[in-house]
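Q: I have a structure I would like to understand better, so I am pasting it below and will then ask my questions one at a time.
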Amino acid sequence: MMQVSSWLTGKRAVSLPFSDHCEPIFKSFQYYDSLIKEVIRFCQERKMKYIEYKSSGTKLPFEALEFRTDLRHVLKLNGTETEIFNSFSENIKRNIKKESNQKFHLKIQNDYSGIELFYKMHCKTRKRHGLPPQPFTFFKNIYKNIISKGNGDVLFAMNGTSYTASAIYFKFGKKLLYKFGASINDNSELRGNFFVMWQAIKKYLSEGYEEFDFGRTEINHEGLRRYKLGWNTSEFFIYTSRYSVKENKFLITTTKTNGIHNSIFNHSPVFLLKLVGNSLYKHIG
């Protein structure tokens, strides 16, 4: 677990900040009670506000009361390229074929300029979604600690010399995680995000990876859920629990990514959204 200290949202322990999920590792569940008691004692001594756990697949004992539910979707890379393609929904296959007719080509740009280009696209994408972007420092650290060390890739869909869509993938062992996606969206007919995703699947399949994780989806985002299921993914729950150290009880956890603020941010200039992101993002880990 990591300690997050914020004057705005309080001091708390999170496992782990900005991660989709992070299961505790037990040699045996006989150690569960003593470990959790020790975590609570540790947080009480440091006067933390709450403890946050995020696990996937199986609800753990300390998540038996109040918890928030999200989804994750995983594609097993256990067939040939043709077999995997044929397993997709008709809508996904149709969009992939449509992209192939647009004469896209893939560009892997794992240098610092790749992160800069991605961030420009990312800011425009967040504006369309009515959300402020993360600070650029956040992506600089992703480059420094992940991309530059060979543990991630920045992929772009190119239409001639134009950057149309992009995605960042993290690599760990035989597993892939789709972490961020962005697109220019100047022309709705040029949906390079389908191209990037399919090229990524083919690339990592050829490199021997076995699991392709599409990342976390809020349970009320039905459109995004259908999109991810269309890639023949298996669906798992992510359980997020918050335990109040002071009140000695579980807290109800909710998401606030949807609301009137989306409309406000959608009509705000990018420079203003960057200021909001720079000010607030460090408080929400």
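Q: So how many residues does region 205-240 have that are part of a helix (DSSP H, G or I) and either within 20 Å of LYS175 (Cβ to Cβ) or charged (D, E, K, R) (or both)?
A: Here the count works out to 7.
Every residue, every condition in (1) within 17 Å of ILE92 (Cβ to Cβ); (2) open to solvent by less than 50 Å² (accessible area, probe 1.4 Å); (3) in contact (Cβ under 8 Å) with a residue 24 or more places away in the chain, yes or no:
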residue: MET158; (1), (2), (3): no, yes, yes
residue: ALA165; (1), (2), (3): yes, yes, yes
residue: LYS171; (1), (2), (3): no, yes, yes
residue: LEU176; (1), (2), (3): no, yes, yes
residue: ALA182; (1), (2), (3): no, yes, yes
residue: PHE194; (1), (2), (3): yes, yes, yes
residue: GLN199; (1), (2), (3): yes, yes, yes
residue: LEU205; (1), (2), (3): yes, yes, yes
residue: GLU210; (1), (2), (3): no, no, yes
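Q: Can you give me the ranges of the strands (runs of 3 or more DSSP E) entirely in region 16-135 with at least 2 residues that are among the aliphatic types (A, V, I, L, M), open to solvent by less than 30 Å² (accessible area, probe 1.4 Å) and in contact (Cβ under 8 Å) with a residue 24 or more places away in the chain?
A: 68-76
Q: Restricting to region 134-153, name every residue that is in contact with a strand residue (DSSP E or B) (Cβ under 6 Å, 6 or more places away or on another chain) and more than 26 Å from VAL270 (Cα to Cα).
A: Scanning region 134-153 gives ILE146, ASN151, GLY152.
Q: With the requirement that a residue be open to solvent by 80 Å² or more (accessible area, probe 1.4 Å), of a type outside the set (A, V, I, L, M, F, W, C) and more than 16 Å from PHE42 (Cβ to Cβ), what does region 243-253 give you?
A: Across region 243-253, the qualifying residues are GLU247, LYS249.
Q: For region 241-255, which positions are in a strand (DSSP E or B) and either free of Cβ contacts under 8 Å to residues at least 60 places away in the same chain or of a type outside the set (A, V, I, L, M) (or both)?
A: The answer is SER241, ARG242, TYR243, SER244, LYS249, PHE250.
The values are calculated or read from the model by the stated rules, or taken from the named source; none is laboratory data. Please read these numbers as outputs of a predicted model, since none were measured by experiment. Every residue, glycine as well, gets a Cβ built from its backbone with ideal geometry; the counts of neighbours run over all protein chains shown. Protein only, heavy atoms only, side chains kept; ligands, DNA and RNA dropped before computing areas. Shrake-Rupley method; radii C 1.70, N 1.55, O 1.52, S 1.80 Å.
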